[in-house]
Structure formats: C-alpha cells, structure tokens
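Q: Got a structure here, written out as structure tokens. Questions coming.
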Amino acid sequence: MATCTKTEKIQLHVPKLEELCEVLQNGLKSNFADAQITVVECPDLSQDPFNFPAKGLCGSPRITDVGGVPYLIPLVQLDKVYDMNAVAKALELPGAFILGAGAVSSKSVGMNAELMPLVVTASEGKLAVNGSYLASINPADGKCLQEKYSDKYRDCDFGLLGNLYACEGKPGKVLEVKASRRTGEYSLVTCLRKTLENHYSDKSLALGGTFIIQKGKAKIHIMPREFSSCPLNSNEDVNNWLKHFIVSAPLVCQSVLVSRDPDLDLRVEHTHCFSHHGEGGHYYIDTTPDIVEYVGYFLPAEFVYRIDRPEMTHKTGRD
C-alpha cells in the first residue's frame, strides 16, 4: 500500500435488523411512493444479475475509508496506490470479500478511471479473485467505456481513494430494501443515510451493500482519463472537470454510507454502478422518479477502519 498507511479503528452502533427495518422504512416513505424493508436471506450474489465473486454480504461486516478526495484534488498525488489484499489485512479480515467505490491505480491502468471493486482477497494460499469493473471515457467518442478489470489487468490495486464494505462473503440475514416512484429530492442512498442520521443523532452507524436500479435512468459521472493540470479548488471546478452521463437500467450499484462521521474525516456516502450493457460510473440519483424501481441488500457494519487519512483535508468534491 501507499506510504503513511496509518489505520484507525472505531466500533459502530449496530441495531437489530428488525429495528433498522422500521426506522428505514419510515424514512423511505417520505421520499418514495412505495417503500418496504424486510429481513431476508441474502440472495446468491454470485448469480445474475450481480455475478459477484462471493455469495453473500455476511460475516464480520466492516467498512473502510481509504485515502480520500484530498489525494485527487486540488492536484493529484500519484504515489497513493493501495492493494485490496493489504487492505483486507488492515481490516483484520484476510480473505475478505470487498465491494464499494473507488478509483483505479493509474500506475496499473495507465489513466484515470472509476473503479467498481468486487474482490475476494487472497488468504491461506488462495489467490485473490478480482471481479471488478472500471469505467473510463472512451477516447474514440467521448462516451462511457466500461470494462471488466481482469480482462486486462492482473493486480488488485486501486488509487487515491476507496469507500469499501468488507465481509466474509457468506450467506445470511440482510436488509432487503425495495423502493419505487421517488417523490422526494434524495437519492436512495442519501435517503437511507439521512434517515439514520436523524434517528440515531448521537451515534455512528454504517451500511454497506448493493442495489439494483431495475427501471428508469440515472445520472452518473466518470472522471477524465487525464488528471487535471490546474488545481480544482471548488465544487464548480470539480463538476466542470467531470464528465456527466445519463445511463439506463438495469444498473447494479454498490454503496457505503455512514450516518455520522466519528471524527475520521470520512466520505459519508459513495456509490458506484456497473451494468451488463456497458454503462457504469459514480451514481448520483435517478433521473426518472415517476418510474424508478430499486431493490437492494444491505447490512450494518460493526467497525469502521480509516486507512491513510489525509493530513491536509477539505470538503470539496465529495458529492
């Protein structure tokens, strides 16, 4: 991993799943015409439409915020490269299944791109299985170019920043979130986060998992292939640099959210998505509220690990 990889660890509040069902359903109903949250057995995530390299989201659930946006802007720090296998060890969970949102290592890939990490890390003589995707700007037409990471690259590296959910990849009980017809201003992820923040105002909780946008379209961004040579000092600068797209369902999203930052300079929510029709990137919100349908599976994390926290920080570019 990159130098200065100090790891900080904090225990999170973990309510019973049944309690979270009631709390989150009440919150979702203020933002969606239809919303239902139940406790179910995690579906086999190795099957369609997920095709993850692990079966489930259960077993020692934890999240980590690695690096951070200050390593990308105002100007990039290219030495910030991390390895998923080393991250799993830092999380005290070698062999972990890791998903979430991050950036590729430009040293491995030769450019800047969005990363949709899906990795079963190495353990006890077992090699890592990398099912990740990356999304970049196609130089031929300026559109989204989504690729399977392992089709071109053999490492498990990423760069600059990552918001990751890690577990043993086992089956088990999870929260099933169903929501459709958005009536409020918040994305599914933001609504879940704000509901937790409001209900558990004095505690820090985190959820990690995956959801599918089954119908409709969504707004995403993809970072340019080239890092900015000019400092990006404001959210306006960042948004002008990013490339924005409207993409179509079905989209498989992977998300990490935290109700309240326990003074670790966390990015409180981060979601990336991929598809089986070649579109993917950083998810903001659906753009078809009247018809959108979501179904997702989440679990509360027991711990948050802060790896390589930037010493010089800011709040720019964290949307």
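The values are calculated or read from the model by the stated rules, or taken from the named source; none is laboratory data. These numbers come from a predicted model, not from an experiment. Every residue, glycine among them, receives a Cβ derived from its backbone with ideal geometry; neighbour counts consider all protein chains shown.
Q: Going through segment 276-285 one residue at a time, which ones are in contact with a Phe, Trp or Tyr (Cβ under 9 Å, 6 or more places away or on another chain) and surrounded by fewer than 24 Cβ atoms within 10 Å (Cβ to Cβ)?
A: Scanning segment 276-285 gives Glu279, Ile285.
Q: For residues in segment 132-181 being among the hydroxyl-bearing types (Ser, Thr, Tyr) and not in a loop (DSSP other than H, G, I, E, B), which is farthest from Ile73 (Cα to Cα)?
A: Residue satisfying both the conditions and the ranking: Ser180.
Q: Can you tell me which residue is surrounded by the most Cβ atoms within 10 Å (Cβ to Cβ) among those in segment 117-134 that are of a type in the set (Gly, Ala, Ser) and under 11 Å from Phe52 (Cα atoms)?
A: First, the residues of segment 117-134 that are of a type in the set (Gly, Ala, Ser): 122-123, 125, 128, 131-132.
Adding the requirement that they be under 11 Å from Phe52 (Cα atoms) leaves 131-132.
On the way: Gly131: 20, Ser132: 23.
Only one residue tops the list, namely Ser132.
Q: Could you check how many residues of segment 46-85 are in contact (Cβ under 8 Å) with a residue 24 or more places away in the chain, closer than 26 Å to Leu17 by Cβ and among the charged types (D, E, K, R)?
A: Total meeting the criteria: 3.
Q: On to the next question. Looking at segment 86-108, can you tell me whether even one residue there is under 23 Å from Leu242 (Cβ atoms), free of Cβ contacts under 8 Å to residues at least 60 places away in the same chain and buried (at least 19 other Cβ atoms within 10 Å of the Cβ)? Show your work before the answer.
A: So in segment 86-108, the residues under 23 Å from Leu242 (Cβ atoms) come out as 99-108.
Narrowing the set further to residues that are free of Cβ contacts under 8 Å to residues at least 60 places away in the same chain leaves 104-105, 107-108.
Then drop every residue that is not buried (at least 19 other Cβ atoms within 10 Å of the Cβ), which leaves 104-105.
Looking for residues that are under 23 Å from Leu242 (Cβ atoms), free of Cβ contacts under 8 Å to residues at least 60 places away in the same chain and buried (at least 19 other Cβ atoms within 10 Å of the Cβ), one finds at least one in segment 86-108, hence yes.
Q: Identify, by number, the condition in (1) more than 22 Å from Leu127 (Cβ to Cβ); (2) in a loop (DSSP other than H, G, I, E, B); (3) free of Cβ contacts under 8 Å to residues at least 12 places away in the same chain that Glu19 doesn't meet.
A: Status for Glu19: all satisfied but (2).
Q: Within segment 149-172, is there a residue that is among the small types (Gly, Ala, Ser), touching a His at 6+ places or on another chain (Cβ under 9 Å) and buried (at least 16 other Cβ atoms within 10 Å of the Cβ)? First the steps, then the outcome.
A: As a first pass, look at segment 149-172 and keep what is among the small types (Gly, Ala, Ser): 150, 159, 162, 166, 169, 172.
Restricting the remaining residues to those that are touching a His at 6+ places or on another chain (Cβ under 9 Å) gives 162.
Next cut, buried (at least 16 other Cβ atoms within 10 Å of the Cβ) only: 162.
Taking every residue of segment 149-172 in turn, at least one turns out to be among the small types (Gly, Ala, Ser), touching a His at 6+ places or on another chain (Cβ under 9 Å) and buried (at least 16 other Cβ atoms within 10 Å of the Cβ).
Q: Something else now. Condition (residue is within 22 Å of Lys9 (Cβ to Cβ) and acidic (Asp, Glu)) applied to segment 143-150: is it met by at least one residue? Show your work before the answer.
A: Step one: of segment 143-150, the residues within 22 Å of Lys9 (Cβ to Cβ) are none.
No, because not a single residue in segment 143-150 is within 22 Å of Lys9 (Cβ to Cβ) and acidic (Asp, Glu).
Q: Would you please name the residue that is modelled with the highest pLDDT, looking only at residues in segment 97-131 that are polar (S, T, N, Q) and in a strand (DSSP E or B)?
A: Filtering segment 97-131 for residues that are polar (S, T, N, Q) and in a strand (DSSP E or B), the one modelled with the highest pLDDT comes out as Asn130.
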